[in-house]
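The values are calculated or read from the model by the stated rules, or taken from the named source; none is laboratory data. Keep in mind that this is a model prediction, so the values were computed, not measured. Positions of Cβ are generated from backbone atoms using ideal geometry, with glycine treated the same way; all protein chains shown enter the neighbour counts. Note: accessible area is taken over every heavy atom of the protein model, side chains too, but ligands, DNA and RNA are not part of it. Shrake-Rupley method; radii C 1.70, N 1.55, O 1.52, S 1.80 Å.
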Amino acid sequence: MEIPAPYYKPIAKEIEVFEHSYAQKLSFLLKGPTGTGKSRFIEFMAHRLGKKLTTVSCHEETSSTDLIGRYIIKGAETIWLDGPLTTAVKTGAILYLDEIAEARPDVIVAIHSLTDHRRELFIDKLGETIKAHQDFMLVASFNPGYQRGFKELKPSTRQRFVAVSFNYPEAKLEADILVNETNILEADAKKLVNIANKIRNLTELGLTETVSTRLLVDAAKLIRSGLPKRLAVHVAVVEPLTDDTEIVSALNDLCDLMI
Ligand code: ADP
(Lines give C-alpha, C1' and ligand atoms only; values in the text may rest on other atoms or scores of the structure.)
Protein backbone atom coordinates (compact mmCIF):
# COMPACT_ATOMS: atom_id res chain seq x y z
CA MET A 1 0.00 0.00 0.00
CA GLU A 2 1.33 3.40 -0.89
CA ILE A 3 2.06 5.72 2.02
CA PRO A 4 0.36 9.10 1.54
CA ALA A 5 2.65 12.12 1.22
CA PRO A 6 3.14 14.04 4.47
CA TYR A 7 1.39 17.41 4.29
CA TYR A 8 3.89 20.21 3.85
CA LYS A 9 3.19 23.81 2.86
CA PRO A 10 6.23 25.37 1.16
CA ILE A 11 7.31 28.69 2.67
CA ALA A 12 9.92 29.81 0.15
CA LYS A 13 12.17 27.95 -2.32
CA GLU A 14 13.17 25.18 0.09
CA ILE A 15 11.81 22.30 -2.05
CA GLU A 16 13.76 23.41 -5.10
CA VAL A 17 16.92 24.00 -3.07
CA PHE A 18 16.65 20.59 -1.48
CA GLU A 19 16.10 18.81 -4.79
CA HIS A 20 19.19 20.39 -6.29
CA SER A 21 21.23 19.67 -3.17
CA TYR A 22 20.11 16.07 -3.32
CA ALA A 23 21.05 15.81 -6.98
CA GLN A 24 24.48 17.23 -6.18
CA LYS A 25 24.81 15.14 -3.00
CA LEU A 26 25.43 18.17 -0.83
CA SER A 27 24.74 17.93 2.89
CA PHE A 28 21.81 20.03 4.03
CA LEU A 29 21.25 22.06 7.20
CA LEU A 30 17.81 23.19 8.38
CA LYS A 31 18.19 26.16 10.70
CA GLY A 32 15.42 27.59 12.85
CA PRO A 33 13.49 27.56 16.09
CA THR A 34 11.61 24.50 17.29
CA GLY A 35 8.19 23.77 15.78
CA THR A 36 8.71 25.55 12.47
CA GLY A 37 8.25 22.55 10.20
CA LYS A 38 11.85 21.33 9.80
CA SER A 39 11.09 17.69 10.55
CA ARG A 40 7.90 17.77 8.51
CA PHE A 41 9.82 19.22 5.57
CA ILE A 42 12.41 16.46 5.58
CA GLU A 43 9.69 13.78 5.85
CA PHE A 44 7.97 15.39 2.90
CA MET A 45 11.17 15.56 0.84
CA ALA A 46 12.13 11.95 1.55
CA HIS A 47 8.68 10.86 0.39
CA ARG A 48 8.84 13.07 -2.68
CA LEU A 49 12.23 11.65 -3.67
CA GLY A 50 11.16 8.11 -2.79
CA LYS A 51 14.00 7.70 -0.29
CA LYS A 52 14.12 5.99 3.06
CA LEU A 53 14.51 8.46 5.92
CA THR A 54 16.31 7.63 9.15
CA THR A 55 15.95 10.20 11.92
CA VAL A 56 18.21 10.45 14.95
CA SER A 57 17.15 12.93 17.63
CA CYS A 58 20.45 14.11 19.05
CA HIS A 59 20.91 14.91 22.74
CA GLU A 60 23.94 15.58 24.90
CA GLU A 61 24.71 11.88 25.30
CA THR A 62 24.57 11.09 21.56
CA SER A 63 28.02 9.82 20.58
CA SER A 64 29.67 8.67 17.38
CA THR A 65 29.33 5.08 18.63
CA ASP A 66 25.54 5.49 18.73
CA LEU A 67 25.62 6.56 15.09
CA ILE A 68 28.35 4.35 13.66
CA GLY A 69 27.82 1.09 15.53
CA ARG A 70 29.19 -1.11 18.28
CA TYR A 71 30.15 -4.63 19.20
CA ILE A 72 27.55 -6.47 21.22
CA ILE A 73 27.79 -9.76 23.03
CA LYS A 74 25.34 -12.36 21.84
CA GLY A 75 25.60 -15.75 23.56
CA ALA A 76 29.25 -16.70 23.37
CA GLU A 77 29.92 -14.42 20.41
CA THR A 78 30.82 -10.81 19.95
CA ILE A 79 29.08 -9.39 16.91
CA TRP A 80 29.24 -6.03 15.22
CA LEU A 81 26.05 -4.04 14.87
CA ASP A 82 25.87 -1.17 12.38
CA GLY A 83 24.45 2.07 13.79
CA PRO A 84 21.92 4.23 11.90
CA LEU A 85 24.58 6.32 10.18
CA THR A 86 26.48 3.30 8.85
CA THR A 87 23.26 1.66 7.68
CA ALA A 88 22.18 4.83 5.89
CA VAL A 89 25.62 5.23 4.29
CA LYS A 90 25.53 1.63 3.03
CA THR A 91 21.94 1.54 1.83
CA GLY A 92 21.67 5.06 0.41
CA ALA A 93 19.10 6.46 2.83
CA ILE A 94 18.67 10.05 3.96
CA LEU A 95 20.00 10.43 7.50
CA TYR A 96 18.46 13.28 9.48
CA LEU A 97 20.38 14.37 12.58
CA ASP A 98 17.80 16.42 14.44
CA GLU A 99 19.39 19.08 16.72
CA ILE A 100 22.92 18.16 15.70
CA ALA A 101 24.53 20.79 17.96
CA GLU A 102 23.27 18.92 21.01
CA ALA A 103 25.34 15.83 20.19
CA ARG A 104 28.82 15.15 21.54
CA PRO A 105 31.72 16.66 19.57
CA ASP A 106 32.87 13.24 18.32
CA VAL A 107 29.66 13.05 16.23
CA ILE A 108 30.77 16.12 14.30
CA VAL A 109 34.22 14.60 13.80
CA ALA A 110 32.66 11.34 12.55
CA ILE A 111 30.58 13.01 9.85
CA HIS A 112 33.32 15.28 8.48
CA SER A 113 34.59 12.91 5.80
CA LEU A 114 31.00 12.29 4.70
CA THR A 115 30.31 15.96 4.15
CA ASP A 116 33.08 16.67 1.66
CA HIS A 117 34.22 15.26 -1.66
CA ARG A 118 35.37 12.03 0.00
CA ARG A 119 31.85 10.90 0.96
CA GLU A 120 33.26 8.17 3.12
CA LEU A 121 32.83 6.96 6.66
CA PHE A 122 35.69 5.77 8.81
CA ILE A 123 34.66 3.07 11.26
CA ASP A 124 37.48 3.22 13.77
CA LYS A 125 36.42 0.14 15.75
CA LEU A 126 36.63 -1.99 12.59
CA GLY A 127 39.54 -0.11 11.05
CA GLU A 128 37.42 0.20 7.90
CA THR A 129 36.54 3.05 5.59
CA ILE A 130 33.34 2.72 3.59
CA LYS A 131 32.28 4.74 0.58
CA ALA A 132 28.80 6.21 0.78
CA HIS A 133 26.13 4.73 -1.49
CA GLN A 134 25.40 7.19 -4.29
CA ASP A 135 21.93 7.94 -2.88
CA PHE A 136 23.11 8.68 0.66
CA MET A 137 22.45 12.19 1.94
CA LEU A 138 23.18 13.78 5.29
CA VAL A 139 20.67 16.29 6.66
CA ALA A 140 20.88 18.04 10.02
CA SER A 141 18.83 20.57 11.94
CA PHE A 142 20.05 23.27 14.22
CA ASN A 143 18.27 25.79 16.44
CA PRO A 144 20.41 28.94 16.44
CA GLY A 145 18.65 30.45 19.51
CA TYR A 146 21.04 33.37 19.52
CA GLN A 147 20.35 35.00 22.88
CA ARG A 148 19.98 31.88 24.94
CA GLY A 149 23.32 30.21 25.18
CA PHE A 150 22.02 27.30 23.11
CA LYS A 151 24.80 25.15 21.81
CA GLU A 152 26.57 26.64 18.83
CA LEU A 153 27.71 24.95 15.65
CA LYS A 154 31.28 25.73 14.66
CA PRO A 155 31.78 27.71 11.44
CA SER A 156 33.99 24.91 10.13
CA THR A 157 31.08 22.51 10.54
CA ARG A 158 28.41 24.85 9.20
CA GLN A 159 30.41 25.43 6.07
CA ARG A 160 30.02 21.77 5.14
CA PHE A 161 26.29 22.22 4.57
CA VAL A 162 23.92 24.00 2.26
CA ALA A 163 21.74 25.84 4.80
CA VAL A 164 18.13 26.99 4.71
CA SER A 165 16.41 29.02 7.43
CA PHE A 166 13.01 28.08 8.75
CA ASN A 167 10.83 30.50 10.64
CA TYR A 168 7.21 31.16 11.49
CA PRO A 169 5.24 31.38 8.22
CA GLU A 170 3.43 34.56 7.30
CA ALA A 171 -0.10 34.78 8.69
CA LYS A 172 -2.08 33.51 5.69
CA LEU A 173 0.18 30.49 5.21
CA GLU A 174 0.19 29.65 8.90
CA ALA A 175 -3.62 29.76 9.03
CA ASP A 176 -3.75 27.46 5.98
CA ILE A 177 -1.44 25.02 7.76
CA LEU A 178 -3.73 24.98 10.81
CA VAL A 179 -6.83 24.37 8.67
CA ASN A 180 -5.09 21.58 6.73
CA GLU A 181 -3.64 19.91 9.78
CA THR A 182 -6.70 20.02 12.00
CA ASN A 183 -9.78 21.02 9.98
CA ILE A 184 -10.34 23.92 12.35
CA LEU A 185 -12.62 26.71 11.05
CA GLU A 186 -10.70 29.27 9.07
CA ALA A 187 -11.92 32.10 11.33
CA ASP A 188 -10.56 30.32 14.39
CA ALA A 189 -7.28 29.54 12.63
CA LYS A 190 -6.84 33.22 11.87
CA LYS A 191 -7.47 34.14 15.50
CA LEU A 192 -4.87 31.64 16.68
CA VAL A 193 -2.33 33.05 14.24
CA ASN A 194 -3.10 36.60 15.42
CA ILE A 195 -2.52 35.54 19.01
CA ALA A 196 0.77 33.91 18.05
CA ASN A 197 2.01 36.96 16.21
CA LYS A 198 1.02 39.22 19.08
CA ILE A 199 2.99 37.09 21.56
CA ARG A 200 5.93 36.72 19.15
CA ASN A 201 6.21 40.49 19.09
CA LEU A 202 6.27 40.79 22.89
CA THR A 203 10.04 40.44 23.00
CA GLU A 204 10.15 42.28 26.34
CA LEU A 205 8.77 39.14 28.02
CA GLY A 206 12.16 37.50 27.47
CA LEU A 207 10.66 34.10 26.70
CA THR A 208 13.29 31.50 25.80
CA GLU A 209 11.13 30.22 22.94
CA THR A 210 8.06 31.87 21.57
CA VAL A 211 4.82 30.47 20.08
CA SER A 212 5.66 27.92 17.40
CA THR A 213 3.41 26.62 14.65
CA ARG A 214 3.44 23.32 16.56
CA LEU A 215 1.78 24.95 19.58
CA LEU A 216 -0.89 26.45 17.35
CA VAL A 217 -1.54 23.08 15.76
CA ASP A 218 -1.99 21.61 19.25
CA ALA A 219 -4.40 24.37 20.26
CA ALA A 220 -6.36 23.91 17.03
CA LYS A 221 -6.61 20.16 17.65
CA LEU A 222 -8.01 20.74 21.15
CA ILE A 223 -10.55 23.23 19.80
CA ARG A 224 -11.57 20.78 17.08
CA SER A 225 -11.93 18.13 19.70
CA GLY A 226 -14.44 20.30 21.56
CA LEU A 227 -12.41 21.95 24.32
CA PRO A 228 -13.56 25.54 24.97
CA LYS A 229 -11.38 27.85 22.89
CA ARG A 230 -10.01 29.94 25.74
CA LEU A 231 -9.00 26.88 27.72
CA ALA A 232 -7.40 25.34 24.63
CA VAL A 233 -5.26 28.44 24.13
CA HIS A 234 -4.30 28.60 27.81
CA VAL A 235 -3.08 25.01 27.95
CA ALA A 236 -1.65 24.58 24.46
CA VAL A 237 -0.17 28.01 23.78
CA VAL A 238 0.43 29.93 27.03
CA GLU A 239 1.36 27.31 29.63
CA PRO A 240 4.04 25.58 27.52
CA LEU A 241 5.81 28.92 27.05
CA THR A 242 6.70 29.83 30.62
CA ASP A 243 6.38 28.88 34.28
CA ASP A 244 6.31 32.51 35.42
CA THR A 245 2.82 32.79 36.91
CA GLU A 246 2.56 36.54 36.33
CA ILE A 247 3.40 36.20 32.66
CA VAL A 248 1.01 33.24 32.30
CA SER A 249 -1.80 35.25 33.79
CA ALA A 250 -1.05 38.33 31.65
CA LEU A 251 -0.88 36.22 28.47
CA ASN A 252 -4.07 34.36 29.36
CA ASP A 253 -5.89 37.71 29.73
CA LEU A 254 -4.51 38.87 26.39
CA CYS A 255 -5.53 35.66 24.62
CA ASP A 256 -9.04 35.76 26.12
CA LEU A 257 -9.59 39.07 24.35
CA MET A 258 -8.40 37.71 21.04
CA ILE A 259 -10.02 34.28 20.70
P1 ADP B 1 10.52 21.25 13.91
O2 ADP B 1 11.11 20.00 13.34
O3 ADP B 1 10.96 22.50 13.22
O4 ADP B 1 10.64 21.36 15.41
P5 ADP B 1 7.99 20.13 13.02
O6 ADP B 1 8.35 19.79 11.64
O7 ADP B 1 7.82 19.01 14.00
O8 ADP B 1 8.95 21.23 13.65
O9 ADP B 1 6.65 21.00 12.95
C10 ADP B 1 5.71 21.04 13.99
C11 ADP B 1 4.31 20.98 13.44
O12 ADP B 1 4.01 22.21 12.79
C13 ADP B 1 4.15 19.90 12.37
O14 ADP B 1 3.76 18.69 12.96
C15 ADP B 1 3.07 20.48 11.49
O16 ADP B 1 1.80 20.19 12.07
C17 ADP B 1 3.25 21.98 11.61
N18 ADP B 1 3.96 22.66 10.51
C19 ADP B 1 4.90 23.63 10.66
N20 ADP B 1 5.27 24.12 9.47
C21 ADP B 1 4.56 23.45 8.52
C22 ADP B 1 4.50 23.52 7.09
N23 ADP B 1 5.25 24.40 6.40
N24 ADP B 1 3.64 22.69 6.46
C25 ADP B 1 2.89 21.82 7.15
N26 ADP B 1 2.90 21.71 8.51
C27 ADP B 1 3.72 22.52 9.20
Take Leu241 and decide whether it is surrounded by 14 or more Cβ atoms within 10 Å (Cβ to Cβ) and within 25 Å of Gly145 (Cα to Cα).
yes
Can you name every residue in region 160-193 that is more than 30 Å from Ser27 (Cβ to Cβ), away from the ligand (no atom under 13 Å from the Cβ) and either open to solvent by less than 90 Å² (accessible area, probe 1.4 Å) or of a type in the set (Ser, Thr, Tyr) (or both)?
Ala171, Ala187, Asp188, Lys191
All but one of (1) within 28 Å of Arg214 (Cα to Cα); (2) polar (S, T, N, Q); (3) away from the ligand (no atom under 16 Å from the Cβ) hold for Thr91; which doesn't?
(1)
Which residues, taken from region 17-57, are assigned to a helix (DSSP H, G or I), away from the ligand (no atom under 15 Å from the Cβ) and under 18 Å from Val164 (Cα atoms)?
Glu19, His20, Ser21, Tyr22, Ala23, Gln24
Give me a count of the residues in region 132-158 that are surrounded by 13 or more Cβ atoms within 10 Å (Cβ to Cβ) and not β-branched (Val, Ile, Thr).
17
Based on what the data block shows, is Lys52 modelled with pLDDT of 95 or more, in contact with a Ser or Thr (Cβ under 8 Å, 6 or more places away or on another chain) and open to solvent by 60 Å² or more (accessible area, probe 1.4 Å)?
yes
Subset of region 32-43, residues closer than 13 Å to Tyr96 by Cα and surrounded by fewer than 21 Cβ atoms within 10 Å (Cβ to Cβ), comes to Ser39, Arg40, Glu43
Just to be sure, is Ile42 at pLDDT below 95 and either under 19 Å from Leu126 (Cα atoms) or of a type in the set (A, V, I, L, M) (or both)?
no
Looking at Ile199 and the list (1) within 16 Å of the ligand (Cβ to nearest atom); (2) buried (at least 18 other Cβ atoms within 10 Å of the Cβ); (3) in a helix (DSSP H, G or I); (4) not polar (S, T, N, Q), which single condition is not satisfied?
(1)
